[in-house]
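Report on the following structure.
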Amino acid sequence: MAEVESVRSGVTSGFIVDVPEVRALIEETKRLTSTIQNDAERVEALKPAFQTLLQANGWLPNEYAQTGDTTGMGGGIAAYALYRDPGAALCLFAFVIPSGKTTPVHDHGSWGLVGLYRGRQLETYYRRTDDGSVAGHAVLEQMEQQTLEQGDFYPLLPGARDIHSVGSDADGPTISIHVLANDTGCVQRRQYDLVNQTVKPFRSVWSNVPCSDPAAS
Ligand SMILES: [Fe+2]
């Protein structure tokens, strides 16, 4: 079918899904990245283009709307890279969570935008309250929670709103769309255990393409 044909077979970076809607967002993101230095201001300026992508229908291939046990998030959660900057400075991906599942608490280390494409999700944000001086130890304080309906989106900003967990709050899988200024599936990030107050490095990997570093996949 036409939607699936938009996936470029064998392509692992650049436009993995090559459709006008994806190209428009990536081109606008690159334009704003080169013209706005402040992360919060850049994210704000990017919102209209991101909203346009969220509201468009039919551009996400069906094969990238499926759950699967393919990432470091566990729980049948899948992450499909749609665009990967060859220099690892930017990516766009679809994140699919099965009904009733929640990600581990994690960070991103990047500015970006996250929006809901299908379903309903519960987002919980955390703030780290320890000074990071004890290896493997981390204390988090829960901040706000919000429910995302289809079309809702929010910013990620390092040091302010970068630690969260995301859960499906719908009868079926939820699909969120992320644009972040790194190669999110392959960079080393942090995963937190609230009960045991621990933190450990992790890589979430991509469901559809390998990381260039073999240790990551
Ligand atoms: Fe996240």
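The values are calculated or read from the model by the stated rules, or taken from the named source; none is laboratory data. Predicted, not measured: the structure shown is a model, and the values here were computed from it. Quick reminder, even Gly has a Cβ in these numbers, built from the backbone with ideal geometry, and neighbours come from all protein chains shown.
Only residues that are in a strand (DSSP E or B) and of a type in the set (Gly, Ala, Ser): list them for segment 151-195, please. Full working, then the answer.
We begin by selecting, within segment 151-195, every residue in a strand (DSSP E or B); these are 153-157, 161, 163-168, 174-180, 189-193.
Of everything in segment 151-195, those that are in a strand (DSSP E or B) and of a type in the set (Gly, Ala, Ser) turn out to be SER165, GLY167, SER168, SER176.
Quick one: which strands (runs of 3 or more DSSP E) lie wholly within segment 99-150 and hold at least 1 residues that are within 11 Å of the ligand (Cβ to nearest atom) and closer than 22 Å to ASP193 by Cα? Don't jump to the end; show me each part of the working.
Values: elements: 112-118, 121-128, 140-148.
The strands (runs of 3 or more DSSP E) meeting that bar are 121-128.
For the structure I just gave you, tell me whether GLY76 is farther than 19 Å from LEU113 by Cβ, touching a Ser or Thr at 6+ places or on another chain (Cβ under 9 Å) and either in contact (Cβ under 8 Å) with a residue 24 or more places away in the chain or not aromatic (Phe, Trp, Tyr) (or both). Full working, then the answer.
Working: farther than 19 Å from LEU113 by Cβ: yes; touching a Ser or Thr at 6+ places or on another chain (Cβ under 9 Å): yes; either in contact (Cβ under 8 Å) with a residue 24 or more places away in the chain or not aromatic (Phe, Trp, Tyr) (or both): yes.
In short, yes.
How many of the residues in segment 83-98 are buried (at least 23 other Cβ atoms within 10 Å of the Cβ) and either at positive phi or within 16 Å of the ligand (Cβ to nearest atom) (or both)? Break it down stepwise before answering.
Here is the first cut: in segment 83-98, the ones buried (at least 23 other Cβ atoms within 10 Å of the Cβ) are 84, 91-97.
Of the ones still in play, those that are also either at positive phi or within 16 Å of the ligand (Cβ to nearest atom) (or both) are 91-97.
Of the residues in that region, 7 qualify.
Show the residue pairs that are 6+ apart or on different chains and have beta-carbon atoms under 7 Å apart, the first residue being within segment 11-39 and more than 17 Å from VAL209 (Cα to Cα) and free of Cβ contacts under 8 Å to residues at least 12 places away in the same chain, the second being among the small types (Gly, Ala, Ser) and part of a helix (DSSP H, G or I).
Short answer, once both residue conditions are applied: ILE36/ALA45.
Hey, could you check segment 155-188 for residues that are under 14 Å from LEU113 (Cα atoms) and more than 13 Å from the chain's Cα centre (by Cα) and say which is farthest from the ligand (Cβ to nearest atom)?
Only one residue tops the list, namely ALA160.
Report yes if ASP85 is in contact with a Cys (Cβ under 7 Å, 6 or more places away or on another chain), acidic (Asp, Glu) and either modelled with pLDDT of 95 or more or under 26 Å from ASN38 (Cβ atoms) (or both), otherwise no. Working first, answer last.
Details: in contact with a Cys (Cβ under 7 Å, 6 or more places away or on another chain): yes; acidic (Asp, Glu): yes; either modelled with pLDDT of 95 or more or under 26 Å from ASN38 (Cβ atoms) (or both): yes.
Considered against the rule, which asks whether it is in contact with a Cys (Cβ under 7 Å, 6 or more places away or on another chain), acidic (Asp, Glu) and either modelled with pLDDT of 95 or more or under 26 Å from ASN38 (Cβ atoms) (or both), ASP85 comes out as yes.
In the list THR52, THR70, THR29, which residue meets the criterion of being within 17 Å of the chain's Cα centre (by Cα), over 22 Å from PRO86 (Cα atoms) and polar (S, T, N, Q)?
Values: THR52 fails: within 17 Å of the chain's Cα centre (by Cα); THR29 fails: over 22 Å from PRO86 (Cα atoms).
Criteria check complete, one pass: THR70.
With the condition kept exactly as written, say whether any residue in segment 48-71 is in a loop (DSSP other than H, G, I, E, B), at pLDDT 95 or above and either under 19 Å from GLN191 (Cβ atoms) or within 16 Å of the ligand (Cβ to nearest atom) (or both).
no
Quick check on this structure: which one of LEU113, LEU157 is surrounded by fewer than 19 Cβ atoms within 10 Å (Cβ to Cβ) and among the aliphatic types (A, V, I, L, M)?
Details: LEU113 fails: surrounded by fewer than 19 Cβ atoms within 10 Å (Cβ to Cβ).
Sole residue among the options that is surrounded by fewer than 19 Cβ atoms within 10 Å (Cβ to Cβ) and among the aliphatic types (A, V, I, L, M): LEU157.
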